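The values are calculated or read from the model by the stated rules, or taken from the named source; none is laboratory data. Please read these numbers as outputs of a predicted model, since none were measured by experiment. Methodologically, a virtual Cβ is constructed for each residue, glycine included, from the backbone with ideal geometry; neighbour enumeration extends over all protein chains shown. When the accessible area is computed, the model is the full protein with side chains, heavy atoms only, and any ligands, DNA or RNA have been set aside. Shrake-Rupley method; radii C 1.70, N 1.55, O 1.52, S 1.80 Å.
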Amino acid sequence: MKSIFFGICMIPGILVAQITYIHAGKVFNSENGEIDVEQTIIVNQNLIESVENGYINPTEEDVQIIDLKEKTLYPGFVDMHVHIESESNPKIYLQRFQLNPADLAFNSTVYAKTTLYAGFTTVRDIGGTGVNVALRNAINAGKVIGPRIFTSEKTLATTGGHGDPTNGYRLDLQGDPGPREGVVNSIADAKKAVRQRYKNGADWIKITATGGVLSVAKSGQNPQFEEDEIRAIVTTANDYGMKVAAHAHGDEGMARAVRAGVTTIEHGTMMSTRTMDLMIEKNAYLVPTITAGKAVARNAEIPGYYPQVIVPKALLIGSLIQDTFGKAYKRGVPIVFGTDAGVFKHGENAKEFYYMVEAGMPVAESIQSATITAAKLLDQEDYIGKIAPGYFADIVASDENALDNVETLQNITFVMKDGDIYVNH
C-alpha cells in the first residue's frame, strides 16, 4: 500500500513563487551515486517539473531564481528511526509523570522543525505515545513546520519488556497494560494490538524483539517475543497494509524477528553472522543507529544521567554497535539510514553519515541509504529520494561535495520541502 502525502506548508510572511529555477553547481544522483554538474532544477509548486543541463534562465515573469552554483545538492534526506516526541535529558524518567500530552505535542513541534532544518525532509517516527500521529497530520495540513512523517504510533512490547510503558513504576501504579497500551502476551494480543495501532492512525508497526538500553529493566538483549507472536504481528500488519520494524540488540530475538518476516531490524548490536546471512536471505534491512549508541555510552559516564540499571547496558551497547554495522555491511546485509534521534539531540542526525563511512561504507552508499533506499522501504519510491521530474521538490544542499568531505552534511545550508524554502544561507 502506498500512502501519498501532499500539502504545501504556509509560512506567515513568506511568499513562495509557483515556479522556481534552481541553478545547481553539483547534484548528487541517488540512482548511480555520482555527481552531475551545472544543472537547472525547475520546480513547479511542490513538484520537480524538469532537470536540465546547464544554467537556464526563465522566459516567464514571476519566476524565482535561486543561485546554488557553489553548492552540492541532494534529495531531501530520510531518517528511518527517530523519536520525534522527546529528547534525551537527565530528567526524562521523571518527566513521564510531569508532562501532559499537550506538553509532548508542543515539544514535538520544536524537534520536528529542528529535524527539517537539518536537511531531513522525511522521517519514520518509530515509537511514541500517539502524539506522533497528531504531529504527522498537523505537518501534512500545513499547520506545523516539520518533515514528512511516517509513524508506528506506540511500540508493541511484552509485559516488562522494552516498551512496556509502566516499567520502573511502583507496584500500585503498574496496573496490567494490554494490547490497547501496546503490551502483548499472546497471539490474540498480538493481532489486537496491531489492529489498535491501525485504528489509532499508525503507518508502521514496531515491536521490541529484545530488551533495550533505556528501559528501566535489567536485560538489554534477551528475546522478549515468541516467534509465533511475531509472525502473528507481521501477518496482521501486512493485512492492514503495514510493515513491521523490530528493535533488537540480542541475536536470538532478532533472528526470530527476521524469520517471522519483519522488514527492518533496528540497532542489530549483537548480530551474529548466522543472522546476517538470514537477513540477506529474507531481504531484511538493518537500521544502524550508530549515533545513538555512541550517545548513550557517553551519557552513561555522567553520574546520575541514567538510572543505575541502565548504565551497564548503555556502556556495553555503545561499544559494539558501530563495529557490528561495519561487519554487517561488509557481509552484504541490506542497510537503510536511521539514527534513533531523540536518544540524542534532534538535528544532529547527519552524524550518522560520518559514522557509517568511518565503519567502511562509501559516502555515496551512505547517502543512497538515506534517499533512494529509504524511499523504497516507505513505498514512496515514486515520490521522494530522487531529484527527478515528477518527484516532490525535497532538495537540500551543503557548501562542499559530501563525496569529498562527508562531514559537510552536518551543516546543511539550503532546505526545500514540497517546493517551499525553509533554509537558505
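Tabulated values for the structure
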| item | result |
| --- | --- |
| Residue tally, condition under 17 Å from Y240 (Cα atoms) and either surrounded by 23 or more Cβ atoms within 10 Å (Cβ to Cβ) or touching a residue at least 24 places away in the same chain (Cβ under 8 Å) (or both), over region 162-181 | 0 |
| Count of residues meeting criterion [under 23 Å from I126 (Cα atoms) and outside any helix (DSSP H, G or I)] in region 329-339 | 7 |
| Members of region 340-367 found to be outside any loop (DSSP other than H, G, I, E, B), open to solvent by less than 50 Å² (accessible area, probe 1.4 Å) and not aromatic (F, W, Y), listed by number | A341, E352, M356, V357, V363, A364, S366, I367 |
| Residue within region 388-399 that is open to solvent by less than 30 Å² (accessible area, probe 1.4 Å), of a type in the set (D, E) and over 21 Å from T210 (Cβ atoms) present | yes |
| Matching residues in region 67-113 - criterion: being buried (at least 20 other Cβ atoms within 10 Å of the Cβ) and either in contact with a Pro (Cβ under 6 Å, 6 or more places away or on another chain) or farther than 20 Å from V296 by Cβ (or both) | L68, K71, T72, L73, Y74, P75, G76, F77, V78, L104, S108, A112 |
| I48 assigned to a strand (DSSP E or B) and surrounded by 14 or more Cβ atoms within 10 Å (Cβ to Cβ) | yes |
| Residue match in region 195-210 (condition: free of Cβ contacts under 8 Å to residues at least 12 places away in the same chain and either of a type in the set (V, I, T) or open to solvent by 10 Å² or more (accessible area, probe 1.4 Å) (or both)) | yes |
| Given (1) open to solvent by less than 10 Å² (accessible area, probe 1.4 Å); (2) assigned to a helix (DSSP H, G or I); (3) touching a Phe, Trp or Tyr at 6+ places or on another chain (Cβ under 7 Å), index of the condition G326 fails | (3) |
| From I280, I317, residue being in a helix (DSSP H, G or I) and either at positive phi or crowded, with 21+ Cβ neighbours inside 10 Å (or both) | I317 |
